[in-house]
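What follows is a set of notes on a single structure, which appears directly below.
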Amino acid sequence: MDERLRQKAMSVQLPLGVQLRDSATFASFHSAHNRQLLTALKETRETCVYFWGKAGTGKSHLLQALCHEKAGEGWRVAYLPLAEPDLMPAMLDDMDQFDLICVDDLHYVAGKKDWEIALFHCYNRIQTRAGRLVISANQAPPSLPIGLPDLASRLGWGLVFQFHELADEDKQAALQLRAQARGLDLSDEVAAYLLRHAPRDMSSLFSLLERLDKASLAAQRKLTIPFVRQFI
């Protein structure tokens with residue numbers, strides 16, 4: 001492994017069984033109405049950035065892209081997808097050593113006392129050493145069923161953004177951007193066909209695009225409407 005890549009891999013802590021997707025980069029993210037959030041993630045010095053939105057809209061992609069970006073700059077980075085059932089609150093005990101902690105899907109642990117206490121103390125330690133905490137969830141901070149008042153207040157101390165779902169024309173642009181990143185030629189006609197005949201959330205569309213990429217490579221065929229129609 002290239003030494004730079006080895007060092008980058010060592011700078012990212014992930015729970016067992018969890019991997020950052022190689023395709024999750026800022027270059028493959030179509031920002032649309034989320035440009036302000038994207039700028040804040042890249043440039044802010046606030047202790048905490050919190051953003052919320054519907055499932056399947058790209059929040060995890062954005063967090064993983066931030067991990068890739070900052071790890072490449074030499075930051076010590078941790079990514080915690082709280083939807084994973086095997087994660088434990090104790091994982092947060094020593095994480096203030098990291099420059100950036102990305103907590104994905106906070107709503108999965110909202111209302112769980114042990115998690116809330118661990119997150120509260122982790123927040124305080126990160127703030128003391130000028131680290132950064134970036135959190136995603138499916139609701140704005142006041143709407144989450146957080147039982148610990150001190151944690152609830154801290155979630156609103158930093159920058160808070162709503163993550164906007166893409167409009168249809170933006171979904172097509174996002175698909176084509178992701179295809180380009182994979183070295184695929186996705187025409188306007190084929191992209192529009194996918195939007196008409198496949199699940200419309202971005203997570204499902206990107207997953208379908210990945211499968212189409214593998215299928216077209218195996219069949220040595222381009223992504224045409226007949227090929228896509230046969231596949232789906």
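Of all residues in region 112-132, those satisfying the criterion of being in a loop (DSSP other than H, G, I, E, B), at pLDDT below 95 and either over 14 Å from residue 49 (Cβ atoms) or more than 22 Å from the chain's Cα centre (by Cα) (or both) are 129, 130. Might you check whether a residue that is modelled with pLDDT of 95 or more and open to solvent by 10 Å² or more (accessible area, probe 1.4 Å) occurs anywhere in region 43-58? Yes: one or more hits. Close Cβ contacts (under 6 Å, 6 or more residues apart or on different chains) running from residues in region 38-49 that are closer than 15 Å to residue 99 by Cβ to residues that are open to solvent by 30 Å² or more (accessible area, probe 1.4 Å) and in a strand (DSSP E or B) comprise 46/159; 49/159.
Kindly indicate whether residue 219 is out of contact with any strand residue (DSSP E or B) (no Cβ under 6 Å at 6 or more places or on another chain), modelled with pLDDT under 85 and either over 20 Å from residue 165 (Cα atoms) or surrounded by fewer than 16 Cβ atoms within 10 Å (Cβ to Cβ) (or both). Answer is no for this residue. Close contacts from region 199-223, counting a first residue that is touching a residue at least 12 places away in the same chain (Cβ under 8 Å) and a second that is among the β-branched types (Val, Ile, Thr), with Cβ to Cβ under 6 Å and a gap of 6+ residues or different chains, come to 202/57; 223/190.
Looking at region 157-188, which of the residues that are closer than 18 Å to residue 57 by Cβ, outside any helix (DSSP H, G or I) and not charged (D, E, K, R) is least open to solvent (accessible area, probe 1.4 Å)? Among those that are closer than 18 Å to residue 57 by Cβ, outside any helix (DSSP H, G or I) and not charged (D, E, K, R), it is 163.
The values are calculated or read from the model by the stated rules, or taken from the named source; none is laboratory data. Just so we're clear, the structure is a prediction, and the values are computed from it rather than from any experiment. Please note: Cβ atoms are built from the backbone with ideal geometry, for glycine as well, and neighbour counts cover all protein chains shown. Please note that ligands, DNA and RNA were not included when accessible areas were found on the heavy atoms of the full protein model with its side chains. Shrake-Rupley method; radii C 1.70, N 1.55, O 1.52, S 1.80 Å.
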